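Notes follow once the structure below has been shown.
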Amino acid sequence: DFYYPTNLAFYSPYNSTYISEDTPINPFLYDAKHDFLLVSDSGSHRIMLFNLTLGIGGAAMDFVAQFGLTGEPTDDSTGLHLPHGLAVSAPAVEVHFEPVFANIFVADRLNDRLVKLNLGYPTWEDAERATGLTLMWGGEYGGVNNKVRYNETLVDPLAVCMFRYYIMVAEAGGNSVSILKVHHSDLTKFVFVSRLTPVSGIQMTGNMAVTEAGYLWYTYVDEPATYGVASIFFDEWLRETPKRDMIYDFVSQCQNDTWYHVDVLANESLYLEVVGYILNATATNWLYPDLPGWIDIYKFNMSTYFDLDTLNVTILGGLLEICAPAASSTTPAMLSGDSDGWAGQSSTVTTAGASEVGPTNIFSHSILIAFLVLWAFAAAS
């Protein structure tokens with residue numbers, strides 16, 4: 001049973017085979033083809049998920065899962081405290097790395113925070129069997145007990161809306177709308193973008209809607225008792241700025257091709273980790289041969305060398321800067337020595353040098369598991 005439900009949100013795929021216009025539903029996301037209703041059951045401190053596709057003509061709601069402990073307010077990653085506004089963003093920012101297909105943003109009112117939930121499966125094995133669909137913790141912004149991220153503040157957040165890749169959070173207590181976005185590489189964190197405020201003397205009441213053209217409509221009260229609706233037109237930068245790609249941090253750093261030729265090529269696990277990350281971060285399909293745009297992940301392995309040039313041109317758009325390895329230092333004889341401490345007395349001399357590292361990959365474990373699960377699935381069938 002519901003106890004003081006306040007808000008609704010809806011997930012619906014682009015069609016039966018695509019989450020969005022350019023994101024196909026892969027074999028691990030079976031339930032992404034269904035329609036789902038999300039209910040903010042504020043009095044029970046939970047978000048409820050219902051499958052509408054299974055109902056005849058959409059008239060029935062089949063309960064699937066919930067996030068939050070029924071009737072128990074919490075301020076950590078296990079639940080919520082009087083959740084209100086909801087917004088759905090699909091595909092999920094993690095869609096190329098984890099078995100999730102949508103993000104749900106929740107205005108966790110009495111915790112003064114925005115919570116990100118992921119709609120999908122806990123593990124790749126669950127996704128393979130199409131079981132265990134649920135709502136999972138995905139991150140937060142703000143919070144009443146926030147001691148580390150002291151610069152993240154929301155005051156009585158009530159409503160949430162999406163505009164492009166921006167998350168609009170209406171704060172009744174803060175009398176403003178905070179504009180946030182998910183960090184382009186650390187997908188559990190948010191980035192504060194800007195803040196919108198009404199004209200002087202007007203108090204926002206916490207409800208809003210956003211149009212595709214870039215208008216934000218909100219309800220307000222002009223004290224003592226004049227109520228109305230007003231709008232804000234977004235500035236051009238908010239309407240036009242392209243989204244920062246997940247691969248941005250990688251291509252902004254010069255890469256030493258020797259590391260790829262020697263270390264990456266000699267270690268298949270490292271090869272899958274590094275190249276898999278690059279392909280996933282650029283939304284390049286290498287896991288599903290039956291879906292559009294598939295490429296063979298091993299096409300850059302030329303046996304005797306790693307074809308970084310082809311990777312750069314075909315996958316990274318030529319944005320990667322390739323640099324020479326750091327030169328080893330020429331150590332004076334008096335500062336070098338063998339294992340006994342003697343200089344110039346043996347053929348073994350220790351000199352200083354710089355080691356090279358490849359791209360940081362926070363998703364490598366998921367990539368390898370997905371690859372192995374897909375391989376096992378294909379072998380079984």
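The values are calculated or read from the model by the stated rules, or taken from the named source; none is laboratory data. Keep in mind it's a predicted model, so treat the numbers as computed, not measured. Virtual Cβ from ideal backbone geometry, glycine too; neighbours counted across all protein chains shown. Accessible surface areas use protein heavy atoms only, side chains included; no ligands, DNA or RNA. Shrake-Rupley method; radii C 1.70, N 1.55, O 1.52, S 1.80 Å.
So, of the residues in segment 99-146 that are out of contact with any helix residue (DSSP H, G or I) (no Cβ under 8 Å at 6 or more places or on another chain) and among the aromatic types (Phe, Trp, Tyr), which turns out to be farthest from residue 169 (Cα to Cα)?
137
Hey, among 210, 191, which residue is touching a His at 6+ places or on another chain (Cβ under 6 Å), of a type in the set (A, V, I, L, M, F, W, C) and free of Cβ contacts under 8 Å to residues at least 60 places away in the same chain?
191
Please work out which residue is farthest from residue 241 (Cα to Cα), limiting yourself to segment 133-166 and to residues that are modelled with pLDDT of 95 or more and open to solvent by 70 Å² or more (accessible area, probe 1.4 Å).
Applying the filter and picking the extreme gives 137.
Which one of 225, 230, 281 is open to solvent by 60 Å² or more (accessible area, probe 1.4 Å), under 30 Å from residue 160 (Cβ atoms) and among the small types (Gly, Ala, Ser)?
225
I need the full set of residues from segment 22-57 which are among the aromatic types (Phe, Trp, Tyr) and open to solvent by less than 30 Å² (accessible area, probe 1.4 Å), in order please.
Scanning segment 22-57 gives 28, 36, 50.
What tally of residues in segment 189-216 results from selecting those that are of a type outside the set (Val, Ile, Thr), under 27 Å from the mean Cα position of the chain (by Cα) and more than 24 Å from residue 139 (Cα to Cα)?
5
Working only within segment 258-278, note down all residues that are buried (at least 20 other Cβ atoms within 10 Å of the Cβ) and farther than 24 Å from residue 184 by Cα.
Correct list: 260, 264.
Given the criterion within 24 Å of residue 18 (Cα to Cα) and assigned to a helix (DSSP H, G or I), identify the matching residue among 285, 280.
Of 285, 280, the one residue that is within 24 Å of residue 18 (Cα to Cα) and assigned to a helix (DSSP H, G or I) is 280.
Residues that are out of contact with any Phe, Trp or Tyr (no Cβ under 6 Å at 6 or more places or on another chain) and within 23 Å of residue 6 (Cα to Cα), at least 3 per element: which strands (runs of 3 or more DSSP E) completely within segment 142-199 meet that?
Passing ranges, in order: 157-163, 166-171, 176-182.
Consider segment 233-248. How many of its residues are assigned to a helix (DSSP H, G or I) and either open to solvent by less than 60 Å² (accessible area, probe 1.4 Å) or touching a strand residue (DSSP E or B) at 6+ places or on another chain (Cβ under 6 Å) (or both)?
Residues that pass the stated criteria total 1.
Since residue 74 meets every condition but one in (1) out of contact with any strand residue (DSSP E or B) (no Cβ under 7 Å at 6 or more places or on another chain); (2) part of a loop (DSSP other than H, G, I, E, B); (3) more than 15 Å from residue 135 (Cβ to Cβ); (4) not basic (Lys, Arg), which condition does it not meet?
(3)
For residue 130, all conditions in the list (1) over 29 Å from residue 240 (Cβ atoms); (2) in contact with a Pro (Cβ under 9 Å, 6 or more places away or on another chain) hold save one; what is the number of the exception?
Unmet for residue 130, out of (1) over 29 Å from residue 240 (Cβ atoms); (2) in contact with a Pro (Cβ under 9 Å, 6 or more places away or on another chain): (2).
Name the pairs whose Cβ atoms lie under 8 Å apart, with the first residue in segment 11-31 and under 19 Å from residue 281 (Cα atoms), the second of a type in the set (Phe, Trp, Tyr) and part of a strand (DSSP E or B), and 6 or more positions between them or separate chains?
Within 8 Å, the pairs are 19/101; 24/18; 25/18; 25/101; 29/101.
Checking the condition under 20 Å from residue 35 (Cβ atoms), open to solvent by less than 10 Å² (accessible area, probe 1.4 Å) and of a type in the set (Gly, Ala, Ser), which residue from 102, 130, 60 passes?
Of 102, 130, 60, the one residue that is under 20 Å from residue 35 (Cβ atoms), open to solvent by less than 10 Å² (accessible area, probe 1.4 Å) and of a type in the set (Gly, Ala, Ser) is 102.
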